[in-house]
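The values are calculated or read from the model by the stated rules, or taken from the named source; none is laboratory data. Worth saying up front: this structure is predicted, and the values here are computed from it rather than measured. Counting neighbours? That spans all protein chains shown, and the Cβs are built from the backbone with ideal geometry, glycine included. When the accessible area is computed, the model is the full protein with side chains, heavy atoms only, and any ligands, DNA or RNA have been set aside. Shrake-Rupley method; radii C 1.70, N 1.55, O 1.52, S 1.80 Å.
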Amino acid sequence: MASKTPPKQRQNVYEIAQAQLQRAADVIRLEDRLHMILSQPKNELIINFPVRMDDGNYRLFKGYRIQHNDIMGPYKGGIRFHPEVHLDEVKALAAWMTWKCAVMEIPFGGAKGGVKFDPRSTSPAELERITRRFTHALGDNIGPNYDIPAPDMGTNAQTMVWMMDTYMNRGPSRDKNAQRAVVTGKSITSGGSQGREKATGQGVVYAIEEWATENDFSLDGATFSVQGFGNVGSHAAAILSRMGASMIAVQDHTGALVNREGIHPKRLARHVAETGGVAGYKGAEPVDKATFFGTEVDIFIPAALESQITADTAPLMRCKLVVEGANGPTDLEGEAILQDKGVQILPDVLANAGGVTVSYFEWLQNRRAESWTLEEVDARLHAMMVRAYRTVRRVAREHGIDNRTAAYVHSLQRIQEVYRERGIFP
Ligand code: GLU
């Protein structure tokens with residue numbers, strides 16, 4: 001692959017999602033009408049909304065909410081604040097939520113939202129106004145029984161509390177408290193769940209544990225790399241390290257680091273909280289991107305943006321297992337290269353489903369006015385991750401297909417059954 005041609009243009013992420021769907025549809029001979037329905041979201045909402053900035057000027061923001069499918073339950077999925085948010089990305093992310101909830105057997109459909117801006121370059125007051133104005137503009141397009149947002153890249157518990165508060169204050173005060181479940185991923189004090197913050201990272205680790213058991217592999221003494229040291233990457237790294245595995249390499253938008261002796265996740269997380277990124281951390285050597293991807297480890301955890309494992313980076317990678325903490329981190333060419341090398345993949349719709357699973361628990365707790373202990377949340381999450389992992393692996397073996405296609409097959413079979421029962425109105 002040492003050709004001199006310039007790096008190819010990145011494949012459109014929605015086309016990647018469509019190709020993944022096509023592969024699974026071929027395996028189960030998905031009904032054509034259903035394939036047609038699922039290949040586009042039900043609703044695509046784009047809102048341009050003005051916000052007053054701290055300097056007194058107004059700026060127009062572009063926000064999206066894409067509702068892919070709600071046959072299995074209310075639309076569900078995160079809201080992303082990122083300068084590269086665009087329609088096809090949010091459409092792909094919304095479809096992935098449909099498959100993810102169906103793989104996990106959670107009674108939700110799939111949606112995703114985003115606002116195109118850089119949250120790192122806005123003040124907290126501006127962030128609050130952007131969030132509230134966007135929520136206000138979404139109006140009745142979200143709701144606890146209809147479409148339930150959650151955090152994603154660039155958003156967090158504070159963002160969700162602002163969304164909840166804005167949404168609650170639209171209606172009569174007697175109904176206010178019934179609206180808490182309009183978003184998940186809230187702070188515990190405002191109605192969030194124990195274990196939600198670390199849930200995606202925790203789920204990643206539960207999936208890895210199942211893989212380790214299946215492959216007779218010891219995590220004690222294992223090595224791993226993490227790409228993206230945000231909520232998902234930092235929690236997965238901390239939990240894996242407590243199990244005796246060591247993080248050898250890490251990369252984020254500020255740089256990449258390697259230390260063969262292991263990088264301390266908690267210390268690195270403190271550095272990131274103080275400085276905004278991994279660059280400059282003293283406990284490891286700075287390296288370039290190619291060295292990061294080429295560092296030999298047992299497990300590689302992409303936990304950043306889409307399309308990171310590609311025809312450019314996959315040839316460099318030396319690992320046994322890729323666990324997709326991010327959504328869509330592996331493009332079609334990257335995936336084919338990993339498969340040729342015999343690298344196993346735990347796909348996003350399974351591996352990172354811990355977040356939406358604990359979101360479901362939060363939604364249940366809000367509706368029942370309960371609060372579960374961390375032990376209870378973790379135990380239920382564990383049981384659901386194990387069940388989903390084993391189902392995906394069984395389907396993969398039965399059909400002789402890869403794990404991603406198997407996860408899609410399981411999702412699509414469940415969705416197809418419901419469409420068959422309910423028919424298409426009128
Ligand atoms: N944004 C997360 C995801 O991509 C969580 C979604 C949710 O909790 O609804 O799965």
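Dividing the Cα radius of gyration of the range 136-181 by 2.2 N^0.38 Å, with N the residue count, gives 1.11. Residue ranking by accessible heavy-atom surface, 1.4 Å probe, largest first, among 316, 38 comes out as 316, 38.
The alpha carbons of the range 142-249 occupy a box of 57, 25, 21 Å along the principal axes, longest dimension given first.
Within the range 59-80, find all residues whose amide N lies under 16 Å from a label point positioned 7 Å from the Cα of residue 136 along Cα-to-beta-carbon. Correct set: 59-63. Apply the Debye scattering formula to the range 84-200, with a single equal point scatterer on each alpha-carbon and no solvent, then give log10 I(q)/I(0) at q = 0.20 Å⁻¹. Rounded to two decimals, the profile gives -1.27. Treating each Cα of the range 306-379 as one equal point scatterer and applying the Debye formula with no solvent, the log10 of I(q)/I(0) at q = 0.22, 0.25 Å⁻¹ comes out as -0.88, -1.06.
Span-like helix check, the chain: qualifying full DSSP H segments, with Cα axial length of 20 Å or more and mean Kyte-Doolittle of -1.0 or more, are 13-28, 87-104, 124-138, 199-214, 354-368, 374-399.
Only Cα sites of the range 9-151 enter the Debye sum here, all with the same form factor; the resulting log10 I(q)/I(0) across q = 0.10, 0.15, 0.18, 0.20 1/Å is -0.37, -0.76, -1.01, -1.17, listed in q order.
Take the convex hull of the alpha carbons in the chain; its mean projected area over all directions comes to 21.7 nm². Among the trypsin sites (Lys or Arg not before Pro) in the range 270-349, those placed in a DSSP loop whose Cβ has at most 10 other Cβ atoms within 10 Å are 282.
Work out how much length residue 156 to residue 120 would gain on full extension: take 0.36 nm times their residue separation and subtract the Cα-Cα distance, in nm to one decimal. Contour length minus the Cα-Cα distance gives 11.7 nm. Under the criterion of Cα pairs below 8 Å and six or more residues apart, the relative contact order for the chain equals 16 percent.
How far is the Cα center of the range 257-271 from the Cα center of the range 170-215, in Å? When both Cα centres are located, 27 Å separates them. Our compactness index for the range 50-118, the C-alpha radius of gyration over the empirical 2.2 N^0.38 Å, is 1.32. Summarised in one figure, the compactness ratio Rg/Rh of the range 270-320, Cα atoms and Kirkwood Rh, is 1.00. Over the range 5-80, the reciprocal of the mean inverse Cα-Cα separation, the Kirkwood hydrodynamic radius, stands at 16.0 Å. A simple spin-label model places the labels of residue 31 and residue 419 0.7 nm from each other, with each point 7 Å out along Cα-to-Cβ.
Put simply, the amide H of residue 217, placed in the peptide plane, has no neighbours under 5 Å, leaving out anything fewer than 5 places away on its chain. Using a simple spin-label model with pseudo-atoms 7 Å out from Cα toward Cβ, residue 190 and residue 178 lie 2.2 nm apart.
Within the range 259-384, the percentage of alpha carbon pairs spaced more than 27 angstrom apart rounds to 36%. Rolled with a 1.4 Å probe across the full set of protein chains, the surface gives residue 410 an accessible area near 20 Å². Shape index of the range 328-426: Rg/Rh, with Rg the Cα radius of gyration and Rh the Kirkwood radius from the inverse mean 1/r over Cα pairs, equals 1.07.
Give me the percent of the accessible area of the range 383-422 that comes from carbon and sulfur atoms, probe 1.4 Å, all protein chains in place. Carbon plus sulfur share of accessible area: 42 percent.
Report note on the peptides 181-191, 356-366: ranked by the mean count of other C-beta atoms within 10 Å, highest first, their order is 356-366, 181-191.
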